[in-house]
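Chemist: The structure that follows is given in the form of structure tokens.
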Amino acid sequence: PVPITAVGGMTGEIGIRGQVRYLKTNKLILEAEPYASLTGTLERGAGADDTDIGVSADLLLIKSRLKLNPGIQILPSSATAAVSFSAPVELSTLGGKAHLFAKPSSVKYRFSIVEWEGVSYKYRFLPGFSAASE
């Protein structure tokens, strides 16, 4: 008989991505993006003696991102400074991927079958603003 296995699990991720950019127009842009996600995984295969073949799927259960975008622009020619801020939030769910896999020895090879986007919602967490002073 050939053994058939099924393995499932969940992966959570939490963190902050960020960057600072300076543009040629004397504009400084800061971006900070706290995020969290939870993904479920299911793998089903058949094989014997360290050799497996099967299918696997990853399903995004939920992903949340808050993008903080403060900016400042200084115009030396007119002694003006402009300040801006926005904070959009994005929630995503039910996106994922399905794969075929083969594990002829200790190395696993995965081949994508299909990938789908799922559902995404975007809205403003805080109202954006822009102001200039002289």
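The values are calculated or read from the model by the stated rules, or taken from the named source; none is laboratory data. Source: prediction; values computed, not measured. Cβ atoms come from the backbone with ideal geometry, glycine included; neighbour counts cover every protein chain shown.
Chemist: Being touching a residue at least 40 places away in the same chain (Cβ under 8 Å) and in contact with a Pro (Cβ under 6 Å, 6 or more places away or on another chain) is the filter here, so list the residues in the stretch 51-74 that pass it.
Modeler: Listed by number, the residues that qualify are THR51, LEU66.
Chemist: While we're here: Filter the stretch 64-119 down to residues that are in contact with a Lys or Arg (Cβ under 9 Å, 6 or more places away or on another chain) and hydroxyl-bearing (Ser, Thr, Tyr) and give me whichever is farthest from ASP52 (Cα to Cα).
Modeler: SER86
Chemist: Find all pairs meeting these conditions: Cβ atoms under 8 angstrom apart; at least six residues apart or on different chains; first residue within the stretch 30-50 and closer than 30 Å to ILE72 by Cβ and aromatic (Phe, Trp, Tyr); second residue loosely packed, with under 15 Cβ neighbours inside 10 Å and modelled with pLDDT of 90 or more.
Modeler: Taking only residues 6 or more apart or on different chains, the pairs are TYR35/GLU13; TYR35/ILE14; TYR35/GLY15; TYR35/ILE16; TYR35/ARG17.
Chemist: State yes or no: is PHE125 touching a Leu at 6+ places or on another chain (Cβ under 8 Å) and over 22 Å from ILE4 (Cβ atoms)?
Modeler: Spelling it out, PHE125 is indeed touching a Leu at 6+ places or on another chain (Cβ under 8 Å) and over 22 Å from ILE4 (Cβ atoms).
Chemist: Mind counting the residues in the stretch 1-36 that are in a loop (DSSP other than H, G, I, E, B) and either closer than 18 Å to GLY96 by Cβ or not aliphatic (A, V, I, L, M) (or both)?
Modeler: 5
Chemist: Enumerate the strands (runs of 3 or more DSSP E) found wholly within the stretch 49-134, keeping only those where 2 or more residues are within 30 Å of THR25 (Cα to Cα) and of a type in the set (D, E, K, R).
Modeler: 119-133
Chemist: Could you check VAL114 against (1) hydrophobic (A, V, I, L, M, F, W, C); (2) surrounded by 13 or more Cβ atoms within 10 Å (Cβ to Cβ); (3) without any contact (Cβ under 8 Å) to a residue 40 or more places away in the chain and say which number it fails?
Modeler: So the condition that VAL114 fails would be (2).
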